[in-house]
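Scroll down for the structure; my scribbles are underneath it.
The values are calculated or read from the model by the stated rules, or taken from the named source; none is laboratory data. Only a predicted model underlies this, so the values are computations on that prediction, with no experimental measurement involved. Here Cβ is always computed from backbone atoms with ideal geometry, including for glycine, and neighbour counts include all displayed protein chains. Surface areas here come from the heavy atoms of the whole protein model, side chains and all, with no ligands, DNA or RNA. Shrake-Rupley method; radii C 1.70, N 1.55, O 1.52, S 1.80 Å.
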Amino acid sequence: MSQTTNHSILEFAPDLTTLDSRMASGGSPQLIFREFLQESRTHLHASFDNGASVSDIIAAYTKLVDEILRRAWQLYIPTEANCALIAVGGYGRGELHPGSDIDILILLDKVASEDHKITEALTNLITFLFDLRFKLGHSVRTVAETIHWACKDITVITNLLEARFLSGAYSLYQEMQRATAPDQIWPSTVFFAAKWQEQKARWQRFGNTAYNLEPNIKENPGGLRDIHNIGWVCRRHFDTRTLYDLVQRNFLTDSEYRTLMDGQTFLWQIRYVLHHSADRCEDRLLFAYQLTLAEHFGYKDDGTNLAVEQFMQRYYRTVTELNRLNEMLMQLFQEAILLKNPVTEIIPINSRFQVRNGYLETTNEKVFEYYPYAMLEIFLLLQIYPNLEGVRASTIRQIRTNLWRIDAAMRQDIRARSLFMEILRKTDDQDMQLPRMNNYGVLAAYIPAFKDIVGRMQYDLFHVYTVDAHTLFVLRNLHRLTIPRYASEFPLASAIVQTIPKLELLYIAALFHDIAKGRGGDHSVLGAQEALIFCRHHSLSDYDSRLVSWLVNRHLLMSMTAQRKDTSDIAEIQAFAAQIGDLNRLDYLYLLTLADIRATNPARWNAWKDTLLKDLYHNTRQALQRGLDNPQAQEDILEQKRLEALRLLSLQNINPTKCKRLWKRLSNDFCLSNSPAEMAWQTRIMLETTEDQFPKVAIRPETERGCTQIFLYTTDKDGLFAWSTALLSQLGLNIMDARLITNHDNRVINLYLVLEQNGTTVTDIERQNAIISTLKQGLCYKEGPQPKLSWHIPYQNKFFATKTKIRFSQDIAKAKTLLRLVTMDRPGLLAEVGQVFGTCGIRLHNAKIATLGAEVEDIFFITNTENQPITDTEKLECLRQQILQQLNIKHE
């Protein structure tokens, strides 16, 4: 069911007399048809590129295919054959895009189905159409067979709803129409229930969100299929032919109809460009096409937003609005079709609201006009009465119609401000209503700054949701921590959240932490200013207001410290604790950080990140409890670790004297970077390993760090780090952390914390043995040669240009040079950098790996071969150039 157009398509429609004259002149029908079809398509594409309406182009292409099929039918099918050619599905609906399937049904009676001449003619017709390179979807059936399959399969009857007669025996088409009518099969009540469930299942496959990085413009929530669903239900129940009939039946207002049609036209434009660009049916808005589409729609990069981000924001806002209309209409249909004669039960709540058959509604149509603040009250009531089914469609429409009343005067109303704060406070064990508030447009109306981030995407692989969707996921994650039945997911955070004095402050910080994205400047600073104004406007105390503002301003601090600093260093912990200031701020920030990281890209959350945050939290808490002016001495920490490691080793009957003798040959990094349990495990292996067993490889499958630890102990030699990291990458392991510790007798420890590609630890015994075997065999090389590297760069990474940046700094306290590398992520990156270190005579001591979508930010702690920091600027510049040269090697 498509939009009707008032524009003539004649100026775009190909001149079919040309085809007829060519056929009359003789020649191969296949070549004539194919050539004419190609010319016609080229003409239509040119017309589209020159600004022709996509609705007219689609109508013209449909008419072209109609006439091609009719002429082909006349060419192959005898006039006396009792057969009919019928367009079905999207083609029957008149919605043909360049790569769309051309779905046809060939109906024939029983006599024709048994006539070999007719079946041979039909075979020749189908072959001819395939030779024209049509993407044909066809079925050949009798009316009885068609009815049989339509009864069994909802998709078959749905396709038949769009049936459109093309040629042949019209009586067969009429017979099929009568036999598949709602009074014969699939009554409208059953049909609607099935299509509604089908839609819910489809939404669920796409995560119940329109905000996917590479959305499917047809199948995603808010996509074209949602519009089709509305049309199918209308045609089955109301026998309507156009969506405008919904206006005449009071299901849509004129304004809503225009929104629906404008949205469909926009999606049609996108789909047409996608099909034309891909030269096939392509409904996924892949990164490969997003830049092309942004250019097609005339978007340009500006100072704060890329053209592709502006285009995608328009797309997301469009499908969100279509999603809202679909939800409202499907509920109206439910009331009209499934509940047309209900026993009405009305339960009054107050003078403004009541419950009708489980759904919340206004008591009259003037409620929001007289009481604009009631557009907030309705969400509080949904939280107070969690057993409600939802909001009635008529009330949803009233909210949409009255959104403009949420203005400056309404925001000043003490009732509105009190209601919003009460919504944040009264969450209890129930679902938060902020997502629904956003879906109805109320959140952006009440907090104008939020409107700017609705549908705003960030063109990278790190942020997989739009900013508003991400913000709501952060709020959901925080709220989930408060619910007892989910306490086992994050026990520490769930325990801390119970001690938070004011949860609403945490929710406000989450609401504002990214609210200034896309404006230019530091979004944390700008967001903190917005949060402070909001808090004061809502009568929060100065202390609470400043706490929220601080949380927004520093919401990245904890994640950056955990992932990019050496948190085994007491000095780093002390510096972080100084920035936090007190335990209350630490608790709030830890919870916000946990929720934020998990809502940025859930697929990249893993136990390793969880452990990094928990360790930083615990160590900082200890530092704050001791007092910032009373830091724990490093030697005290080392001694405590040694004593606990000795205790563990004594349980295994390991001689403590041998342990101490071994530890003396190792640097303090061995104790600082390992837990007592790790020290004990590694010490036992080293004491039991003789030189003829080198290289020694051992695996701890699961550790307290949330990773699998791979321990490599061998003689120090050039290229060891490059070789070992190359082998680990070829094994499909993600390296999360790397540490290299040397002793005084030319032996070296390489410690790697790794995870599988899916973010899990290596628990399978055969897999562990394969890793050990590969490393032992691969590391038995003679000094000098470097591994040959050849990697496949992931498809999506190719669309995100990351300029490689290298920066050096000096860590005076550790006597090491820090190399910070930002570049495009790819397998084998550490091995490539390791090759350069070997070539340049650089010794690596530690590597911190942080992957941000298609980009990595790795930090390497390095020295020269004498374990001294590298201060020679010429040597550092040489190292920079060598790395840049290595990373610019062409990868497959």
Notebook entry, point to check: Of the residues that sit in segment 832-854 and are crowded, with 19+ Cβ neighbours inside 10 Å and in contact with a Ser or Thr (Cβ under 8 Å, 6 or more places away or on another chain), which one is modelled with the lowest pLDDT?
Noted result: Ala854
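Quick one: in segment 249-301, of everything that is part of a helix (DSSP H, G or I) and among the basic types (Lys, Arg), which residue is surrounded by the most Cβ atoms within 10 Å (Cβ to Cβ)?
Arg271
From the list Gln625, Gln579, exactly one residue is in a helix (DSSP H, G or I), open to solvent by 30 Å² or more (accessible area, probe 1.4 Å), within 15 Å of Leu556 (Cβ to Cβ) and polar (S, T, N, Q). Which is it?
Gln579
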Checklist line | Residues satisfying the stated conditions in segment 520-553, i.e. over 33 Å from the mean Cα position of the chain (by Cα) and on the phi > 0 side of the Ramachandran plot | finding: Ser539
Next item on the list: For segment 192-223, enumerate the residues that are aliphatic (A, V, I, L, M) and either over 15 Å from the mean Cα position of the chain (by Cα) or modelled with pLDDT under 90 (or both).
Entry: Ala193, Ala194, Ala201, Ala210, Leu213
Item checked: Single unsatisfied condition, His618 versus (1) open to solvent by less than 60 Å² (accessible area, probe 1.4 Å); (2) within 30 Å of Thr851 (Cβ to Cβ); (3) out of contact with any Ser or Thr (no Cβ under 6 Å at 6 or more places or on another chain) -> (1)
Checklist line | segment 800-812: number of residues that are out of contact with any Gly (no Cβ under 8 Å at 6 or more places or on another chain) and at pLDDT below 80 | finding: 2
Next item on the list: Determine whether segment 159-180 contains at least one residue that is modelled with pLDDT of 90 or more, open to solvent by 70 Å² or more (accessible area, probe 1.4 Å) and of a type in the set (Lys, Arg).
Entry: yes
Check: Got a number for residues in segment 384-403 being open to solvent by 50 Å² or more (accessible area, probe 1.4 Å) and closer than 12 Å to Gly441 by Cβ?
Finding: 2
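One line per residue, one yes/no per condition, for (1) open to solvent by less than 30 Å² (accessible area, probe 1.4 Å); (2) assigned to a loop (DSSP other than H, G, I, E, B):
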| position | (1), (2) |
| --- | --- |
| Glu39 | no, no |
| Leu44 | yes, no |
| Ala52 | yes, yes |
| Ala60 | yes, no |
| Asp66 | yes, no |
| Leu69 | yes, no |
| Trp73 | yes, no |
Notebook entry, point to check: Do we have any residue at all in segment 154-165 that's over 40 Å from the mean Cα position of the chain (by Cα), charged (D, E, K, R) and farther than 27 Å from Glu335 by Cα?
Noted result: no
Notebook entry, point to check: Residues Arg598, Arg585: which one is open to solvent by 60 Å² or more (accessible area, probe 1.4 Å), part of a helix (DSSP H, G or I), within 24 Å of Ala493 (Cβ to Cβ) and touching a residue at least 12 places away in the same chain (Cβ under 8 Å)?
Noted result: Arg585
Check: Does segment 75-108 hold any residues that are on the phi > 0 side of the Ramachandran plot and open to solvent by 10 Å² or more (accessible area, probe 1.4 Å), and which are they?
Finding: Gly94
Notebook entry, point to check: Does segment 830-867 hold any residues that are over 17 Å from Trp608 (Cβ atoms) and assigned to a strand (DSSP E or B), and which are they?
Noted result: Ile842, Arg843, Leu844, His845, Glu855, Phe860, Phe861, Ile862, Thr863, Asn864
Check: Can you name the residue in segment 223-245 that is touching a Lys or Arg at 6+ places or on another chain (Cβ under 8 Å) and assigned to a loop (DSSP other than H, G, I, E, B) and is also least open to solvent (accessible area, probe 1.4 Å) among such residues?
Finding: Thr240
Note to self: Of all residues being open to solvent by less than 40 Å² (accessible area, probe 1.4 Å) and either of a type in the set (A, V, I, L, M, F, W, C) or over 20 Å from Asp566 (Cα atoms) (or both) in segment 813-824, which is modelled with the lowest pLDDT? Just the residue, please.
What the structure shows: Met824
Check: For Gln574, are the conditions met, namely being touching a strand residue (DSSP E or B) at 6+ places or on another chain (Cβ under 9 Å), touching a residue at least 40 places away in the same chain (Cβ under 8 Å) and open to solvent by 20 Å² or more (accessible area, probe 1.4 Å)?
Finding: no
Note to self: Step by step: first the residues of segment 362-383, then only those that are buried (at least 18 other Cβ atoms within 10 Å of the Cβ) and out of contact with any Lys or Arg (no Cβ under 8 Å at 6 or more places or on another chain), then the one that is nearest to Arg405 (Cα to Cα). Which residue is that?
What the structure shows: Leu376
Margin query: So Asn797 passes all but one of these: (1) modelled with pLDDT under 85; (2) buried (at least 21 other Cβ atoms within 10 Å of the Cβ); (3) in a helix (DSSP H, G or I). Which condition number does it fail?
Written below: (2)
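Filter segment 39-53 for residues that are of a type outside the set (S, T, N, Q) and touching a helix residue (DSSP H, G or I) at 6+ places or on another chain (Cβ under 7 Å) and give the result.
Step one: list which residues in segment 39-53 are of a type outside the set (S, T, N, Q), which gives 39, 41, 43-46, 48-49, 51-52.
Within segment 39-53, Leu44, His45, Phe48 meet the criteria.
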Next item on the list: Considering only residues that are under 49 Å from the mean Cα position of the chain (by Cα) and open to solvent by less than 10 Å² (accessible area, probe 1.4 Å), look in segment 650-672 and name the one that is farthest from Gln777 (Cα to Cα).
Entry: Cys671
Notebook entry, point to check: Which ones in segment 183-222 are within 23 Å of His470 (Cα to Cα), open to solvent by less than 20 Å² (accessible area, probe 1.4 Å) and in a helix (DSSP H, G or I)?
Noted result: Arg202
Check: Quick one: is Thr119 open to solvent by 20 Å² or more (accessible area, probe 1.4 Å) and over 28 Å from Pro29 (Cβ atoms)?
Finding: no
Next item on the list: Answer yes or no as to whether Arg700 is out of contact with any helix residue (DSSP H, G or I) (no Cβ under 8 Å at 6 or more places or on another chain), crowded, with 16+ Cβ neighbours inside 10 Å, more than 17 Å from Asp669 (Cα to Cα) and free of Cβ contacts under 8 Å to residues at least 24 places away in the same chain.
Entry: no
